[in-house]
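Below you'll find the structure, written out as structure tokens, and then a few comments.
The values are calculated or read from the model by the stated rules, or taken from the named source; none is laboratory data. Quick caveat: nothing in here was measured; it's all calculated off a predicted structure. Glycine also receives a Cβ, built like all others from the backbone with ideal geometry; neighbour counts cover every protein chain displayed. Accessible surface areas use protein heavy atoms only, side chains included; no ligands, DNA or RNA. Shrake-Rupley method; radii C 1.70, N 1.55, O 1.52, S 1.80 Å.
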Amino acid sequence: MSTCVRALTALLFLAACGEGQAGGPCSYAETRGTVEVTALAPSGAGCTNASYRWTTGGPSTFLAYDELRFANACLDSKRIRVGTEFKVRRRDLVRGTCTPSLHTPLEAPIEACLCR
């Protein structure tokens, strides 16, 4: 019984330290690319989901499909509609257990329109 308790204590200690810690510390690799809005769908609470296609451009184009949530009030004022393109920063998790991929618009007026 005491061997089990010691083993469990050791595992808990290791899980609480360093690499096994949920949520961090985390490191990301950054890539810049372009988003093209492919669909818009109301999501409630004054927001709309914008599905998009993300590309890095260049010789080996990488495509990713995902969603951003925009405030409805910004859709017309910032001309966000199907086919709209804007620059983004994509951050992909390389260390830790945080959010696997983050997309952030690089244009301040677009970034300010995101629902949080």
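In table form, for the structure just shown:
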| item | result |
| --- | --- |
| Every residue from segment 89-115 that is open to solvent by less than 70 Å² (accessible area, probe 1.4 Å), among the hydrophobic types (A, V, I, L, M, F, W, C) and over 17 Å from R69 (Cβ atoms) | L93, C98 |
| Number of the condition not met by F86 [criteria: (1) open to solvent by 70 Å² or more (accessible area, probe 1.4 Å); (2) at pLDDT 80 or above] | (1) |
| Residues satisfying the stated conditions in segment 76-114, i.e. under 13 Å from the mean Cα position of the chain (by Cα) and hydrophobic (A, V, I, L, M, F, W, C) | V88, L93, C98, L102, L114 |
| Flag for G57 being at pLDDT below 85, in a loop (DSSP other than H, G, I, E, B) and in contact with a strand residue (DSSP E or B) (Cβ under 7 Å, 6 or more places away or on another chain) | yes |
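For every residue, the table says whether it meets (1) of a type outside the set (K, R); (2) out of contact with any His (no Cβ under 9 Å at 6 or more places or on another chain); (3) open to solvent by 80 Å² or more (accessible area, probe 1.4 Å); (4) at pLDDT 50 or above.
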position	(1), (2), (3), (4)
C17	yes, yes, no, no
E36	yes, yes, no, yes
L40	yes, yes, no, yes
E67	yes, yes, yes, yes
